[in-house]
Amino acid sequence: MKHRKIGNVMTDDVVRVRSKTSFDEVGALLSRHRFNGLPVVDEDDKVVGMITGTDLSEPAPTAGELMSRPAVTVRPQDSIVDAARAMDRHRVERLPVVDEEDRLIGIVTRRDLLRVFLRPDDEIRAEVIDEVLVRSLWLGPQSVAVTVTDGVVRLEGQLDRHSEIPIAIRMTGQVDGVVAVVDRLSYRVDDSAGRGGARR
């Protein structure tokens, strides 16, 4: 089970500025698009910095003199969890997305990430049933009762083997949007130490 990647949620139509873009033009772009930050790129479209609305409190002739550097960037194959951690660690609201040569190909915002983490419960439930139970554990879709409330997944039912329970719990916890997993699973055969027996 893999978390969704940045490439799935990023915006690829990115408003950007160059180092020589004037102070007034940067301010106008931020205002017009209602952004709180823009990536600054060089002539090769490689990200060289980021400029935010707070940077404009110190008037300077160009974006290159205002920007923060180096820019914190992510790649399209990075996970959404990694991007969220980078935003939190660096206290930023948006991250430029760059290719293997560090050229700007997109941007991802905190709001983009929240859309994934705040997924509807029915969407989370459908993914747990399809990806975890059916595709990974080869179970029938009705073999385990899956209920989701505010991102908390409750699994209830009987699996064939004891060893399947931690797998089901771990994989369910890796589904994007899952906050916690409540284990109400039992098993028919205890294969944890080569013993047979039912769990009560």
Review point. Restricting attention to region 138-161, which residues are in contact with a helix residue (DSSP H, G or I) (Cβ under 8 Å, 6 or more places away or on another chain), over 14 Å from residue 181 (Cβ atoms) and not in a strand (DSSP E or B)?
Key: 139, 140, 141, 143
Point to revise | Residues located in region 162-179, provided they are in contact with a helix residue (DSSP H, G or I) (Cβ under 8 Å, 6 or more places away or on another chain) and free of Cβ contacts under 8 Å to residues at least 40 places away in the same chain | key: 167, 168
Practice item. Among the residues of region 47-83, write down those that are at pLDDT below 90, surrounded by fewer than 18 Cβ atoms within 10 Å (Cβ to Cβ) and within 26 Å of residue 176 (Cβ to Cβ). Key: 79, 81, 82
Point to revise | Residue that is surrounded by the fewest Cβ atoms within 10 Å (Cβ to Cβ), among those in region 106-137 that are assigned to a strand (DSSP E or B) and not hydrophobic (A, V, I, L, M, F, W, C) | key: 109
**Study point:** Single match in 17, 9, 92 (criterion: surrounded by 14 or more Cβ atoms within 10 Å (Cβ to Cβ), of a type outside the set (D, E, K, R) and more than 26 Å from residue 178 (Cβ to Cβ))
**Key:** 17
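The values are calculated or read from the model by the stated rules, or taken from the named source; none is laboratory data. Note that the coordinates shown come from a computational prediction; the quantities given were computed from them, not determined experimentally. Methodologically, a virtual Cβ is constructed for each residue, glycine included, from the backbone with ideal geometry; neighbour enumeration extends over all protein chains shown.
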